[in-house]
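Down below is the structure, laid out as structure tokens.
Derivation of every value follows stated rules applied to the coordinates shown; laboratory data play no part. On a predicted model such as this, the values are computed, not experimentally measured, just so you know. All Cβ positions, glycine included, derive from the backbone under ideal geometry; neighbour counts span all protein chains shown.
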Amino acid sequence: MKPNNTPSLLINQAIVEFKEWIANRGLSKETLRGYDMDTRQFSRWLTAKANSPVILDEITLPHIEDFVSYLINEKEIKPSSVNRKINALSTFFQCMKKKKYITDNPMEDFQRMKVPESERIYLSKEEVEAIIQAIDHPVIHYFAMTMAYSGLRINECIHLTLNDVNFEDNLIQVINGKGGKNRTIPMNKHLKIQLEKYLNCHRPDTDSLFFFALKKTGTVSTQYVNRELKEACEKAGIKKHVTSHILRHSFASYLVKKDTHVAVIQRLLGHASVKTTSVYLHVQQDDLQAAVNQIDF
């Protein structure tokens, strides 16, 4: 239902207003892009189902439930991805309520899907070393090394500027990371030596202010990094499905193996909660065996 004296709004018009609204909330470009894609997918599906333009205040909870059913049963989308779309739509309707185009948010208290718990892929020390050594492109070689030695998210690494890497104080400054937060990461001694080598010998001659820059574009892309990682895995004979995020994950997992306190890992990764960091606390069968072997009643 819409408030009295408020004009009806087509869903496509509402999405335009929503896009402007979220653009002012300090979210990352990836998050903004995801919200836009997810709301537009819902709009296309609903318009096709109605075979006519859809008015915002006529959208009800059953419409959304049917959309989620479509995602699960026809598109066969994973629960975590479905939940991402639910979150996007929930924020969309929250925006529309704030703007007084609707009086009720049809997604208020909408139940998310249960995501099966599964341990994430991570790499051993030897696998990380083998992959980095197998990357032929010099810029991506040092980019991957930086992710592995610092735990940066790929977008954080992409957006590092020359001023963000402080060799004098051995610090890497992350500006406007996930959630718009800044953090400072101490620079690993070996990484410092390698990054100085990168600047002196391998960084292309470019006016770009980004630390990692290609000659042609002045930056690097997520797609390019992941493609180079895939080729490096094939070259190194590693069968795991490795993306840039696995390097961050392996950084955290290696620190866990070294008995680093979880709160320290949390700060390094830039997690808002220790609960998020806990997904890196892998328990191996050997660890279980070692634990029961300690019992000597």
Practice prompt. First measure r as the distance between the Cβ atoms of Val264 and Gln223, then evaluate 1/(1 + (r/R0)^6) with R0 = 30 Å and state the FRET efficiency to the nearest 0.05.
Written response: 0.40
Discussion item. With a 10 Å cut-off between alpha carbons and a GNM built on the chain, which of Val165, Val115, Val174 moves the most?
Written reply: Val115
Worksheet item: Among the lysines, which fall within straight-line cross-link reach of Lys275, defined as a Cα-Cα distance under 28 Å, with same-chain neighbours fewer than 8 residues apart omitted?
Response: Lys29, Lys78, Lys85, Lys114, Lys125, Lys178, Lys181, Lys240, Lys257, Lys258
Worksheet item: Contour minus end-to-end for Asn166 and Lys29, with contour as 0.36 nm per residue of separation and end-to-end as the Cα-Cα distance?
Response: 46.8 nm
Discussion item. I'd like the distance separating the alpha-carbon centroids of region 181-238 and region 51-75, in whole Å.
Written reply: 43
Item to complete: Identify all lysines with a Cα-Cα distance to Lys98 below 16 Å; exclude those on the same chain that are fewer than 8 residues away in sequence.
Response: Lys2, Lys19
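Sort Phe167, Phe67, Phe143 so that the residue with the fewest other Cβ atoms within 10 Å of its own Cβ comes first and the one with the most comes last.
Phe167, Phe67, Phe143
Compute the relative contact order of the chain as a whole-number percentage, counting only Cα pairs closer than 8 Å that sit 6 or more residues apart in sequence.
Here the relative contact order equals 17 percent.
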Practice prompt. Provide the packing ranking of 258-264, 11-17, i.e. peptides ordered by the mean count of other C-beta atoms within 10 Å per residue, highest first.
Written response: 11-17, 258-264
Practice prompt. Determine, from the Cβ-Cβ distance of Lys189 and Ala50 and an R0 of 51 Å, the FRET efficiency 1/(1 + (r/R0)^6), rounded to the nearest 0.05.
Written response: 0.25
Worksheet, complete the sentence: Put in order of increasing Cβ neighbours within 10 Å, starting from the fewest, Lys240, Lys19 give Lys240, Lys19
Response to the item:
In the chain, whole DSSP H helices that both stretch 24 Å or further along their axis by alpha carbon positions and average at least -0.5 on the Kyte-Doolittle scale are 79-98
Worksheet item: Quick one: Cα convex hull volume of region 125-288, Å³ per residue?
Response: 123
Practice prompt. Specify whether the C-alpha gyration tensor of region 3-92 places it in the rounded, prolate or oblate class, a ≥ b ≥ c being the square roots of the eigenvalues: rounded for a/c under 1.5, otherwise prolate if a/b is larger than b/c and oblate if not.
Written response: oblate
Worksheet, complete the sentence: The relative contact order of region 177-258, taking Cα pairs under 8 Å that sit 6 or more residues apart, comes to a percentage of 13
Discussion item. For Thr276, project a label point 7 Å along Cα to C-beta. Then give me every residue of region 162-180 with its amide nitrogen under 15 Å of that point.
Written reply: 174-180
Worksheet item: Can you give me the relative contact order of region 78-183 as a percent, contacts being Cα pairs under 8 Å and 6 or more apart?
Response: 13
